[in-house]
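Read the structure below first, then the notes.
The values are calculated or read from the model by the stated rules, or taken from the named source; none is laboratory data. Because the structure is predicted, anything quoted here is derived from the model rather than measured. Here the Cβ positions follow ideal geometry from the backbone for every residue, glycine too, while neighbour counts run over all protein chains shown. Quick note on the areas: whole protein, heavy atoms, side chains included, nothing else; ligands and nucleic acids left out. Shrake-Rupley method; radii C 1.70, N 1.55, O 1.52, S 1.80 Å.
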Amino acid sequence: MLEKLKLEVYEANMLLVKHNLVTFTWGNVSGIDRERQLIVIKPSGVDYEKLSANDMVVVNMNGDVVEGDLRPSTDTKTHLRLYKEFESIGGVCHTHSTYAVAWAQAGKDIPCFGTTHADYFYGSIPCARELTEQEIREDYEGNTGRVIVEAFKNRSPIYVPGVICKSHGPFTWGKDAKQAVFNAVVLEEVAKMNTLTLQINPSASPASSAIQNKHFLRKHGPNAYYGQ
């Protein structure tokens, strides 16, 4: 079942290793078949060295395992919430990459200081609020998804394809699993660049709206002209 999607999701998970976004098993990627309303996701706690496409777990939109011998990622409910609320996305990625987590632990949005950020994220990358004790106790993973959605009440998940969660870490998404990982790589890089920027100049200001608009819209706007 969903053999092509399983392979795509497996390969996307392995890209986390290639780009040094994961330590041990601290990450997961999923992909969705919108027509069949099924999700393929990495199994929980399996070493990347031992992972194969056949290990990927298929779940339905309620989180029930449809196919697979292993338990799905513990973050499955978060992925599900994002798929339900952001209907145009096809892949979700979660990591504990160092610089993104540092910003999440600091509880700060990642501002757009320059064009690298502006090329892929339109404005700041938000830091979703910390969950309450009750939210953690009742449905931690599901409520993690809900506070992410809450952070996008006035933002486009297409124009800002990622978030950091207070005291936790980053989630990114895209048209498919591979693009979700791509956006995770970009988020980590701009988090690193921002950290260094503020070390050099603690009073640094975000890039002007003019340069932010120019760089984002030349790639993603209706009159985009970047690339072939």
Which residue pairs have Cβ atoms under 6 Å apart, sit 6 or more places apart or on different chains, and have a first residue in segment 57-85 that is over 15 Å from Pro43 (Cβ atoms) and a second that is polar (S, T, N, Q)? Met61/Gln37; Thr78/Thr144
Enumeration of residues in segment 183-212 that are in a helix (DSSP H, G or I) and without any contact (Cβ under 8 Å) to a residue 24 or more places away in the chain: Leu196, Leu198, Gln199, Ile200, Ser209, Ala210
Scan segment 7-19 and give yes if some residue there is modelled with pLDDT of 95 or more, under 17 Å from the mean Cα position of the chain (by Cα), closer than 30 Å to Ala204 by Cα and outside any helix (DSSP H, G or I), otherwise no. yes
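If you check Thr78, Thr74, which single one turns out to be open to solvent by less than 10 Å² (accessible area, probe 1.4 Å), hydroxyl-bearing (Ser, Thr, Tyr) and closer than 22 Å to Ile136 by Cα?
Working: Thr74 fails: open to solvent by less than 10 Å² (accessible area, probe 1.4 Å).
None of the others qualify; the one that does is Thr78.
Which members of segment 113-143 meet the condition of being over 30 Å from Gly221 (Cα atoms) and either in contact (Cβ under 8 Å) with a residue 60 or more places away in the chain or in contact with a Pro (Cβ under 9 Å, 6 or more places away or on another chain) (or both)? If you could, list the steps in order and put the result at the bottom.
Filtering segment 113-143 down to residues over 30 Å from Gly221 (Cα atoms) leaves 130-143.
Those that are over 30 Å from Gly221 (Cα atoms) and either in contact (Cβ under 8 Å) with a residue 60 or more places away in the chain or in contact with a Pro (Cβ under 9 Å, 6 or more places away or on another chain) (or both): Asp139, Glu141, Gly142.
Residues checked against (1) open to solvent by 50 Å² or more (accessible area, probe 1.4 Å); (2) closer than 18 Å to Phe86 by Cβ:
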| site | (1), (2) |
| --- | --- |
| Thr172 | no, yes |
| Val181 | no, yes |
| Val185 | no, no |
| Ala191 | no, no |
| Thr197 | no, no |
| Asn201 | yes, no |
Check off (1) of a type in the set (D, E, K, R); (2) closer than 28 Å to Ile158 by Cβ; (3) part of a loop (DSSP other than H, G, I, E, B) for Asp69 and give me the number that stays unchecked. (2)
Give the residues of segment 125-140 that are open to solvent by 40 Å² or more (accessible area, probe 1.4 Å) and not acidic (Asp, Glu), sorted by residue number. Arg129, Thr132, Gln134, Ile136, Arg137, Tyr140
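Is it true that some residue in segment 114-127 is small (Gly, Ala, Ser) and either part of a strand (DSSP E or B) or under 14 Å from the mean Cα position of the chain (by Cα) (or both)? Write out each step before concluding.
At the first step, the residues of segment 114-127 found to be small (Gly, Ala, Ser) are 114, 118, 123-124.
From what is left, the residues that are either part of a strand (DSSP E or B) or under 14 Å from the mean Cα position of the chain (by Cα) (or both) are none.
Looking through segment 114-127, none of the residues is small (Gly, Ala, Ser) and either part of a strand (DSSP E or B) or under 14 Å from the mean Cα position of the chain (by Cα) (or both).
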Suppose we keep only residues that are hydroxyl-bearing (Ser, Thr, Tyr) and closer than 20 Å to Lys77 by Cα within segment 9-42. Which one would you say is least open to solvent (accessible area, probe 1.4 Å)? Ser30
Report yes if Arg218 is surrounded by 15 or more Cβ atoms within 10 Å (Cβ to Cβ), free of Cβ contacts under 8 Å to residues at least 40 places away in the same chain and under 20 Å from Ala104 (Cα atoms), otherwise no. no
Condition test on Tyr99, is it at pLDDT 95 or above, open to solvent by 60 Å² or more (accessible area, probe 1.4 Å) and outside any loop (DSSP other than H, G, I, E, B)? yes
